[in-house]
Amino acid sequence: MKREKMLKRLKKQTEPWDIVVIGGGATGLGTAVDAASRGYKTLLLEQHDFAKGTSSRSTKLVHGGVRYLQQGDISLVLEALKERGLMIQNAPHLVKNQAFVIPNYEWWDGPFYQVGLKVYDLMSGKLGIGSSKKLTKDETIERIPTIDQKGLKGGVVYYDGQFDDARMALSLARTAKHYNGTLLNYFEVTGIEKDADEIICGVKGKDLESGKHYSIKAKTVINATGVFADRVKKMDEPDVKEMIQPSQGIHLVVSKDFLPDRHAIMVPQTKDGRVMFAVPWHDKVVLGTTDTMIEKPMLEPEAKEAEIDFILETAGQYLVKQPTRDDILSVFSGLRPLAKPEGDGKSTKEISRHHKVMISQSGLITIIGGKWTTYRKMAEDTVDNAMLIGDLPERKCITKNLPVYGYDKNLDLTTDPLAVYGTDKYQLLDLEEEQPELAEIISETLPLRRSQIVWAVKHEMARTVEDMLARRVRGLFLDAKESLKVAPRVAEIMAKELGEDGDWVEDQIELFNEIATNYRIKD
């Protein structure tokens, strides 16, 4: 997957595209996979990098949503549990089965959650991944050795999925490319084009690397820009009412010493009604999340002090050792693109997570809401609508049983840091055998090898140091300080592959340092 080849495809296309997707996050990439695999001429344009926004900043869970079951949103849970099963089935190199323990400190908690989770298991049907069961106090401690034992009555264990979100996004991009989709990062959509009848017939775009402007014809245009969907809607209808209510979720990453076993902790009801997770991920532990209403969407959201304190305090209530600010290796924030509720007064945790497909009078298709777990179903619904709006030949969705690029069910996601590459792992290792200098270890901590940097530039459209350290490998999310330390070396290796000079290296280090400040706890 090379950006230069993608640009050539764009320039060669003389007929209108069947579908142009704006946005390269989970929903946009899923839509591109669905459209391309149905045989439609598909183009995806992303203003920044693939999964730059919310789609790389999730809690890393593929789940039905125990909380939504508690809230009585049965249809959402049923849909999400089905999609969870399909994600594990179609991308075993990226999604794994994760055991969660709910510790019980009140005598009535055990029966309540045990019954609720049995219902959760039943709703999974044939795509279930494990049966929940009640745990004694000793069994709970055995699974979570660092759990606070004071007042502990026992627990319940249940199963959900866990994954690497940014790597999943990249694999979706490569799946779409496999089906002749054309995808471009760093390509901004600057406007909507309409015909004499005021019906959308394409988009205006700008290649942010060359500065060149394009007029791109399309039978249908899909707005899949998440929290920024209102901006694209206003290109179509300047006076349209805003429909997105951003909700911020932050996560803290700490050492695996806080959760040395493979089991995760799920706290279903914190003091303000939120759900809290402590989840093993890439040999670290992710603590989160918050649910804070934000007025306006931003590309680099910042964690609020109160959010950091809330997570540290809540985690400390369930762990023997209280995590402190000094223990935080990285903090990252993401914005959920929730649909604005009817009327005022709803907190973000009460706003529906269902997705919505909307069509404007001019034919712009906008998809909002949803979550990573349901990306495939969101894409299917969106392309079904595009098929009608664009008068495209009727073709059925095939993604239910479509292996995601790199499919390999023999890799161990728990112990092998290269497992997320799927079948590409073997080509990476072949590369090191052919060129032994590429086996150089850039960082033991992250971990990071020189071959991964070369691979990311040549095959994964990595254009910046941030692309590399935040999304091609997850260094910035796992250990911000270590990522800052290795950034100059990463920039040098990338510059050589991209044909860039010393000025580019200096600029990249400076830009990365600016971005990385958001991932570090302020001194």
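The values are calculated or read from the model by the stated rules, or taken from the named source; none is laboratory data. The model shown is predicted, which means the values in this text are computed figures rather than measured ones. Cβ sites come from the backbone with ideal geometry, for glycine too, and all protein chains shown count toward neighbours. Heavy atoms of the whole protein, side chains included, go into the accessibility calculation; ligands, DNA and RNA do not. Shrake-Rupley method; radii C 1.70, N 1.55, O 1.52, S 1.80 Å.
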Would you work out which of Thr225, Gly85, Ile141 lies farthest towards the positive end of the dipole of the chain? Charges go on Cβ: Lys and Arg +1, Asp and Glu -1.
Gly85
Acute angle (nearest 10 degrees) that the helix 424-434 long axis makes with the longest principal axis of the chain, alpha-carbon atoms:
80 degrees
Using alpha-carbon coordinates, inclination of helix 375-389 to the longest axis of the chain, degrees
30 degrees
Globularity ratio of the stretch 438-523, using Cα Rg and 2.2 N^0.38 Å:
0.99
What number results when the radius of gyration of the stretch 372-523, computed over Cα atoms, is divided by 2.2 N^0.38 Å?
1.29
Quick query: amide H of Gln322 versus all other amide H atoms, modeled in the peptide plane; which residues come in under 5 Å with a sequence gap of 5 or more or a different chain?
none
Can you give the accessible area of Tyr407, probe radius 1.4 Å, in Å² rounded to 10?
90 Å²
Among residues other than Asp424 whose Cβ falls under 12 Å from its Cβ, what is the net charge (Lys/Arg +1, Asp/Glu -1)?
+2
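So what is the orientation-averaged projected area of the stretch 90-205, using the convex hull of its C-alpha atoms, in nm²?
Working: hull surface 52.7 nm².
Hull-based average projected area comes out at 13.2 nm².
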Loop-resident sites, the stretch 102-150, for GluC sites (Glu not before Pro), counting at most 10 other Cβ within 10 Å (DSSP):
Glu106
Average silhouette area of the stretch 1-141, convex hull of alpha-carbon atoms, in square nanometres:
11.7 nm²
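For the stretch 286-343, compute Rh as the Kirkwood radius over C-alpha pairs and then the Stokes-Einstein diffusion coefficient at 20 °C and 1.002 mPa s; write the answer in µm²/s, rounded to an integer.
Working: Rh = 13.2 Å.
After rounding, the answer is 162 µm²/s.
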Using the Karplus equation 6.51 cos²θ - 1.76 cosθ + 1.60 (θ = phi - 60°), what ³J(HN,Hα) coupling, rounded to whole Hz, does each residue of the stretch 77-87 give in order, writing x for Gly and Pro?
5, 4, 4, 5, 5, 5, 5, 4, x, 5, 5
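What is the Å³ per residue value for the convex hull set by the Cα atoms of the stretch 395-434?
On the way: hull volume 3.1 nm³, N = 40.
For the stretch 395-434, the hull spanned by Cα atoms encloses 77 Å³ per residue.
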Put a dot 7 Å past each Cα toward the Cβ at Glu4 and Lys522; how far apart are the dots in nm?
4.4 nm
Can you pull the percent of Cα pairs in the chain with separation above 35 Å?
33 percent
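By how many nm would the segment from Gln70 to Gln427 lengthen if fully extended, with 0.36 nm per residue of separation less the alpha-carbon distance?
Numbers: separation 357, 0.36 × 357 = 128.52 nm, distance 4.55 nm.
Net length gain for the segment: 124.0 nm.
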Could you work out the helix-only [θ] at 222 nm for the chain, with each DSSP H run of four or more residues adding -39,500 (n - 2.57) and the total divided by the number of residues, to the nearest 500 deg cm²/dmol?
-10500 deg cm²/dmol
Three principal axis extents, largest first, for the C-alpha atoms of the stretch 411-452, in Å?
27, 23, 11
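Hey, could you get me the Stokes-Einstein D for the stretch 1-49, Kirkwood radius over alpha-carbon pairs, 4 °C and 1.567 mPa s, rounded to whole µm² s⁻¹?
On the way: Rh = 11.3 Å.
Rounded, D is 114 µm²/s.
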Overall dimensions of the stretch 164-310 by Cα: Rg and Dmax, Å
20.6, 64
Taking a 18 Å limit on the Cα-Cα distance, which of the listed pairs Lys12/Lys194; Lys194/Lys217; Lys8/Lys496 fall beyond it?
Lys12/Lys194; Lys8/Lys496
Can you give the Kirkwood hydrodynamic radius for the stretch 224-265, in Å, rounded to one decimal and based on Cα pairs?
13.9 Å
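Pairs Lys206/Lys234; Lys96/Lys134; Lys96/Lys396; Lys150/Lys522; Lys241/Lys400; Lys41/Lys204: which exceed 25 Å Cα-Cα? Before the final figure, lay out each step's value.
Working: Lys206/Lys234 18 Å; Lys96/Lys134 22 Å; Lys96/Lys396 28 Å; Lys150/Lys522 33 Å; Lys241/Lys400 35 Å; Lys41/Lys204 18 Å.
Distance filter (> 25 Å) returns Lys96/Lys396; Lys150/Lys522; Lys241/Lys400.
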Angle check, please: helix 3-12 long axis (alpha carbons) against the longest principal axis of the chain (alpha carbons), in degrees 0 to 90, nearest 10.
40 degrees
Gained length - Lys153 relative to Glu106, 0.36 nm times residue gap less alpha-carbon distance:
16.2 nm
Bin width 10 Å, origin at 0, all Cα-Cα pairs of the stretch 161-222: what percent of pairs per bin?
19, 35, 33, 11, 2
Against the 2.2 N^0.38 Å rule of thumb, the C-alpha Rg of the stretch 224-305 sits at a ratio of 1.46
